[in-house]
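A short write-up of the structure that comes next.
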Amino acid sequence: MLGIGIKIDSFNLSLKELGLYIYLSSHRICICPKLRRESLTMERLISHPPLMIVSDLDHTMVDHQDHENLSLLRFNSLWEYAYRRDSLLVFSTARSPVLYKELRKEKPLLTPDIIITSIGTEIAFGNSMVPDHAWVESLNSCKWNREIVLEETSKFPELTLQPKTEQRLHKVSFYIDEGKGEALTKELSQLLEKRGLDVKIIYSWGKNVDVIPRGAGKGEALEYLLKKLQAEGIFPVNTLACGDSEHDAELFSIPDVHGVMVSNSQEELLKWRSENALNNLKVIHSTERCADGIIQAIGHFNLGPDLSPRDVSEFLDRKMDNVNPGHEVVRFYLFYERLRRGEIKNYETYIASFKDSCLHAAVLFHPSGAEKSLRDTIDELKKCYGDKRGKKFWVWVDQVLVTDTIPGKWIVKFDKWEQCEDESQCCKTTVEFTSKGGDLVWEKVKQIWSEESKVKDDNSSWIL
């Protein structure tokens with residue numbers, strides 16, 4: 001063993017010169033290219049991220065019983081306010097990329113830096129979901145043959161293939177008759193082993209059976225990602241894994257990773273915790289559901305701020321944060337939402353304050369192409385007070401990124417979303433700020449329609 005270790009270390013030194021590194025797991029040794037930050041759209045990271053959140057989606061980040069998405073919106077505003085600038089958000093889901101994109105159309109999800117889909121068999125980066133080809137190659141090197149899996153599973157009439165969207169290069173998925181999962185998975189595992197394959201068979205929700213390579217899975221994907229971030233010099237200071245089902249159990253087995261099983265977790269996961277992680281102080285079972293449980297865990301482990309701006313009613317105290325224009329953007333659009341929902345008393349005082357924070361010559365470039373006075377636009381918000389009262393109207397911002405241009409000037413870019421009932425609109429938004437007397441001053445707002453918008457309405461229903 002000592003000799004092997006020396007050879008690996010020696011080989012690793014020469015690989016660094018080639019821009020490569022060795023990924024060691026319990027199942028294999030892989031040689032992978034170093035991470036290119038431009039492929040991750042994470043150029044903002046200049047040091048180790050203080051926090052990386054790795055969260056399952058369905059019933060963890062997304063509460064399907066919360067039809068107004070309140071817990072998700074609370075998390076969104078906290079992340080954009082306190083973490084987007086220098087931390088990493090990772091979604092890890094059993095959904096295929098196709099069904100993940102469908103969920104994004106249904107729910108107010110933020111854009112993650114990294115997305116792990118198909119039970120840890122696919123990894124992609126950034127807005128464009130650029131695939132990690134090194135991860136694909138590492139799974140190809142496993143004892144995996146999709147055709148053999150299909151051949152052997154065809155012998156079980158109780159298995160029904162799931163839709164084509166869920167059949168992936170390294171994942172074959174089935175529905176199974178109720179009550180037959182445990183016995184079948186044991187028999188199928190033995191058959192595939194005899195055929196020379198090394199696989200995981202995951203039985204979940206009492207109705208799903210997924211077959212993936214042994215070297216894949218949510219836990220393996222996270223281990224791989226951590227190694228890759230370490231090689232790039234941006235290993236997170238803290239990592240928080242979040243889940244609710246057996247699919248997520250692997251996430252809570254990785255050393256030095258904090259974990260939260262949300263209060264609504266499945267009994268199977270809680271049983272796994274009692275048998276494998278009950279004495280692990282880094283893993284908790286929250287008392288809050290879904291995204292609220294994630295926020296609770298941030299506070300429990302002291303990983304950073306855990307007060308969502310949605311839980312704060314005061315909008316006028318803006319000087320304390322004048323060095324962070326991103327905070328100003330998050331606060332303003334929360335005010336804008338509550339104004340139109342008719343939830344703010346003395347709203348005229350707030351409007352006057354925001355108006356005073358704009359240069360006299362400040363301009364708004366409306367997505368319709370019209371050029372307007374920003375001060376006049378904010379002043380006209382008085383006419384909109386309560387116009388969305390009683391409706392499902394929500395506003396959120398995504399990917400709030402601040403850049404310094406010259407001393408005393410900042411540019412903030414983000415996606416601004418509005419949802420009213422079942423219709424969503426989004427604008428790519430750029431705000432230019434300047435400093436005046438120690439305060440932040442709005443100088444210019446420019447908005448163009450996003451391709452993700454369900455509705456592109458150029459009339460006055462879109463205000464700012």
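What to note about this one:
- Pairs with Cβ under 9 Å, 6+ apart, first in the range 395-409 and small (Gly, Ala, Ser), second open to solvent by less than 70 Å² (accessible area, probe 1.4 Å): Gly408/Thr434; Gly408/Ser435
- Those residues of the range 188-210 which are open to solvent by 30 Å² or more (accessible area, probe 1.4 Å) and touching a Cys at 6+ places or on another chain (Cβ under 9 Å), in sequence order: Asp198
- Boolean, Ala352 is in a strand (DSSP E or B) and surrounded by fewer than 16 Cβ atoms within 10 Å (Cβ to Cβ): no
- Strands (runs of 3 or more DSSP E) fully within the range 112-204 that include at least 1 residues being under 30 Å from Gln399 (Cα atoms) and among the aromatic types (Phe, Trp, Tyr): 122-125.
- Residue within the range 430-446 that is under 22 Å from Pro309 (Cα atoms), of a type outside the set (A, V, I, L, M), under 23 Å from the mean Cα position of the chain (by Cα) and not assigned by the TED database to the domain that holds Leu72 present: yes
- Considering the range 41-74, the residues that are part of a loop (DSSP other than H, G, I, E, B) and among the aliphatic types (A, V, I, L, M) include one that is surrounded by the fewest Cβ atoms within 10 Å (Cβ to Cβ), namely Ile46.
- Pairing each residue of the range 241-255 that is outside the structural domain of Ser204 (by the TED database) and under 18 Å from Ser286 (Cβ atoms) with any residue that is assigned to a helix (DSSP H, G or I) and of a type in the set (S, T, N, Q), provided the two are 6+ apart or on different chains, yields C-beta distances under 9 Å for Ala249/Asn276; Phe252/Asn276.
- Test: Trp396 is outside the structural domain of Glu106 (by the TED database), farther than 23 Å from Asp86 by Cβ, touching a helix residue (DSSP H, G or I) at 6+ places or on another chain (Cβ under 7 Å) and at pLDDT 95 or above: no
- Cβ pairs under 7 Å, 6+ apart, first in the range 130-156 and open to solvent by less than 20 Å² (accessible area, probe 1.4 Å), second among the charged types (D, E, K, R) and not in a loop (DSSP other than H, G, I, E, B): none
The values are calculated or read from the model by the stated rules, or taken from the named source; none is laboratory data. For clarity, every value in this text was computed on a predicted model and none was experimentally measured. Positions of Cβ are backbone-derived with ideal geometry, glycine not excepted, and every protein chain shown enters the neighbour counts. Accessible surface areas use protein heavy atoms only, side chains included; no ligands, DNA or RNA. Shrake-Rupley method; radii C 1.70, N 1.55, O 1.52, S 1.80 Å.
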